[in-house]
Amino acid sequence: MQHTPSSEASNAGQTTSTKEQALSRWKRFGLLTLLQGGIQAISIGTGFLLVRWLTKTEFAWYTLGNSSTAVFTTLVDPGTGLGMQSVGGRAVGETARFRQALASVLSLRWRLGWVSALLALPIPFWLLLENEAPLSIAVAILGANILGFFAVLTNSSLSAALKLQGRFRQALLSDFVGVIARLLLVGAAALFWLDAITATLAAVVGVTWQYLILRHASTEWREGQPQPSPDDQALLLQQVGAMRFYNLFQFIQGQVGVWLLSITANVAAVADFGALSRLGSVFAALALLYYQLVIPTLSRSQTPRILAGRLALSAAAYVAALAAFTVIGWLAADWILWLFGSAYTHLAKEVPWMIAHLGLYSFTVILWWFNTSRGWVHLARLNPPFTVLAQAGAYFALRPDSVLEIIWFSMAALVPSLVLGLAAGMSGFRKMAGIPKASPKDV
């Protein structure tokens with residue numbers, strides 16, 4: 001077969017076009033990553049300002065109250081954000097079907113919200129009272145958190161829908177406006193009156209602004225009131241049911257340190273642990289990057305080989321970051337504690353341990369986010385009993401009543417979640433490999 005000059009020029013043009021498209025994708029990904037990094041930097045900065053400006057008592061109350069929103073978010077996510085990725089990821093190229101998937105997710109939010117709120121509020125309320133918060137302040141702090149629950153219910157679903165359609169910039173813009181609003185409100189409150197209540201209200205206003213932007217950006221998929229799909233609703237409820245107890249235990253693993261210290265120690269220890277937990281902002285930033293950019297991309301991959309390669313690269317990058325940050329924490333603990341203020345300079349020994357714990361915790365969360373986005377949740381029900389056994393063994397072995405011992409206790413409690421998450425992923429890959437199906441939209 002002869003190659004004419006015109007055919008060679010055509011092939012060269014196609015090669016150049018392919019390279020340009022790949023370069024464009026990498027540039028776009030880099031810009032989105034920078035934007036996500038800026039959002040997290042603002043959020044981290046706001047957190048450190050709260051540590052420095054709030055008294056230890058007020059910061060302890062803020063930490064305990066904020067745990068109610070963390071519980072709520074964790075419990076509803078399998079049926080909202082991750083739920084949208086699960087059912088919507090299969091309908092990205094079909095507008096009518098995608099609208100129906102979003103309608104299915106939104107139709108269940110109130111049912112999920114009421115149940116999750118009832119589970120999220122009692123323990124933080126009791127712990128606030130146990131840590132010397134007056135009844136009126138405890139009610140005000142949790143009441144402010146409840147105001148933000150509606151936005152939390154809706155934001156993750158609409159944000160996931162935008163990202164599945166490749167509209168990452170609009171989704172991240174809503175995050176940016178939210179964190180800027182919170183930072184400005186915290187700064188303004190510091191000039192007049194900053195306490196645990198106003199700090200909580202600042203966060204609520206931020207997520208409300210985010211909701212307004214997401215609602216406007218997703219209008220085209222909600223117009224005409226598309227009818228929910230019974231099959232999607234059944235799948236979402238099954239997924240939420242399978243993940244509810246796992247997510248509750250996963251959250252407890254992240255909060256049990258604060259809760260135990262509030263019982264076995266005092267409000268100052270709660271503040272110390274809460275301040276060190278701010279070191280997790282780095283891993284929270286990485287986790288959000290994975291949640292908002294990486295996992296939606298993985299959700300679109302239907303070819304086992306491509307999915308495995310992308311997943312391995314993502315995991316290796318996270319592990320490298322965890323190792324680097326732990327070494328930095330060991331070498332530069334005093335410099336890190338300077339950010340917290342003079343009240344926390346005695347915690348140098350705890351810094352690298354806390355970084356390692358928070359990094360491992362975020363890794364397990366990301367792992368189960370990925371499993372949930374693929375529907376690989378059949379082993380989640382085993383996590384609660386094994387977690388209880390691990391926590392009981394760690395408690396009786398350590399008798400934790402200090403910040404460092406609580407960190408060790410919390411690390412031991414993560415082992416079942418990590419092992420089961422890896423096992424669920426491997427099982428899912430084996431099932432996926434047995435289905436000879438590859439999507440043409442696998443990008």
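Here is a yes/no grid of residues against (1) charged (D, E, K, R); (2) out of contact with any Ser or Thr (no Cβ under 7 Å at 6 or more places or on another chain); (3) under 14 Å from Arg99 (Cα atoms):
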{"site": "Arg182", "(1), (2), (3)": "yes, no, no"}
{"site": "Val186", "(1), (2), (3)": "no, no, no"}
{"site": "Leu191", "(1), (2), (3)": "no, yes, no"}
{"site": "Thr200", "(1), (2), (3)": "no, yes, no"}
{"site": "Ala203", "(1), (2), (3)": "no, yes, no"}
{"site": "Asp232", "(1), (2), (3)": "yes, no, yes"}
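Of the numbered conditions (1) in a helix (DSSP H, G or I); (2) touching a helix residue (DSSP H, G or I) at 6+ places or on another chain (Cβ under 7 Å); (3) among the hydrophobic types (A, V, I, L, M, F, W, C), Ala133 satisfies every one except a single condition; which is it?
(1)
Can you find a residue in the stretch 113-124 that is of a type in the set (Phe, Trp, Tyr) and closer than 16 Å to Thr69 by Cβ?
Among the residues of the stretch 113-124, at least one is of a type in the set (Phe, Trp, Tyr) and closer than 16 Å to Thr69 by Cβ, which makes the answer yes.
For the stretch 372-379, check the following and say yes or no: at least one residue is of a type in the set (A, V, I, L, M, F, W, C), part of a helix (DSSP H, G or I), touching a residue at least 12 places away in the same chain (Cβ under 8 Å) and surrounded by 14 or more Cβ atoms within 10 Å (Cβ to Cβ).
The first filter runs over the stretch 372-379 and keeps only residues of a type in the set (A, V, I, L, M, F, W, C), leaving 376-377, 379.
From what's left, part of a helix (DSSP H, G or I): none.
Within the stretch 372-379 (the criterion being of a type in the set (A, V, I, L, M, F, W, C), part of a helix (DSSP H, G or I), touching a residue at least 12 places away in the same chain (Cβ under 8 Å) and surrounded by 14 or more Cβ atoms within 10 Å (Cβ to Cβ)), the answer is no, since none of the residues qualifies.
Tell me, please, whether a residue that is out of contact with any helix residue (DSSP H, G or I) (no Cβ under 7 Å at 6 or more places or on another chain) and farther than 28 Å from Pro78 by Cα can be found in the stretch 273-293.
No, the stretch 273-293 contains no residue that is out of contact with any helix residue (DSSP H, G or I) (no Cβ under 7 Å at 6 or more places or on another chain) and farther than 28 Å from Pro78 by Cα.
Which of the following residues is under 29 Å from Ala271 (Cα atoms) and touching an Asp or Glu at 6+ places or on another chain (Cβ under 7 Å): Leu347, Leu360?
Details: Leu360 fails: touching an Asp or Glu at 6+ places or on another chain (Cβ under 7 Å).
That would be Leu347, the only listed residue that is under 29 Å from Ala271 (Cα atoms) and touching an Asp or Glu at 6+ places or on another chain (Cβ under 7 Å).
Between a residue in the stretch 199-222 that is in contact (Cβ under 8 Å) with a residue 12 or more places away in the chain and any residue that is of a type in the set (Lys, Arg), which pairs come within a Cβ distance under 8 Å, given they are 6 or more apart or on different chains?
Ala202/Arg182; Ala203/Arg182; Val205/Arg182; Gly206/Arg182; Ala217/Arg167; Trp221/Arg99; Arg222/Arg99
Restricting to the stretch 218-240, give me the number of residues that are over 19 Å from Gln165 (Cα atoms), exposed (fewer than 11 other Cβ atoms within 10 Å of the Cβ) and modelled with pLDDT of 80 or more.
Summing the residues that are over 19 Å from Gln165 (Cα atoms), exposed (fewer than 11 other Cβ atoms within 10 Å of the Cβ) and modelled with pLDDT of 80 or more in the stretch 218-240 gives 1.
Which of the residues spanning the stretch 349-370 are surrounded by 16 or more Cβ atoms within 10 Å (Cβ to Cβ) and more than 14 Å from the chain's Cα centre (by Cα)? Explain how you work it out, then say what you get.
Taking the stretch 349-370 first, the residues surrounded by 16 or more Cβ atoms within 10 Å (Cβ to Cβ) are 350-370.
Listed by number, the residues that qualify are Glu350, Val351, Pro352, Trp353, Met354, Ile355, Ala356, His357.
Looking at the stretch 74-106, which of the residues that are at pLDDT 85 or above and of a type in the set (S, T, N, Q) is nearest to the chain's Cα centre (by Cα)?
Ser104
Scan the stretch 380-419 residue by residue and report those that are touching a residue at least 60 places away in the same chain (Cβ under 8 Å), in a helix (DSSP H, G or I) and either of a type in the set (S, T, N, Q) or surrounded by 16 or more Cβ atoms within 10 Å (Cβ to Cβ) (or both).
Matches in the stretch 380-419: Ala380, Asn383, Pro384, Thr387, Gln391, Val403, Ile406, Ile407, Phe409, Ser410, Ala413, Ser417.
Just one of the numbered conditions (1) under 27 Å from Gly274 (Cβ atoms); (2) surrounded by fewer than 17 Cβ atoms within 10 Å (Cβ to Cβ); (3) hydrophobic (A, V, I, L, M, F, W, C) is not true of Met426; which one?
(1)
Going residue by residue through the stretch 66-84, is there one that turns out to be assigned to a helix (DSSP H, G or I) and in contact with an Asp or Glu (Cβ under 7 Å, 6 or more places away or on another chain)? Quick ask: steps written out before the conclusion?
Quick first cut of the stretch 66-84, residues assigned to a helix (DSSP H, G or I) only: 66-79, 81-84.
With in contact with an Asp or Glu (Cβ under 7 Å, 6 or more places away or on another chain) added as a condition, the list becomes none.
Checked the stretch 66-84: no residue is assigned to a helix (DSSP H, G or I) and in contact with an Asp or Glu (Cβ under 7 Å, 6 or more places away or on another chain).
The values are calculated or read from the model by the stated rules, or taken from the named source; none is laboratory data. Not measured: the values here are computed from a predicted model. Methodologically, a virtual Cβ is constructed for each residue, glycine included, from the backbone with ideal geometry; neighbour enumeration extends over all protein chains shown.
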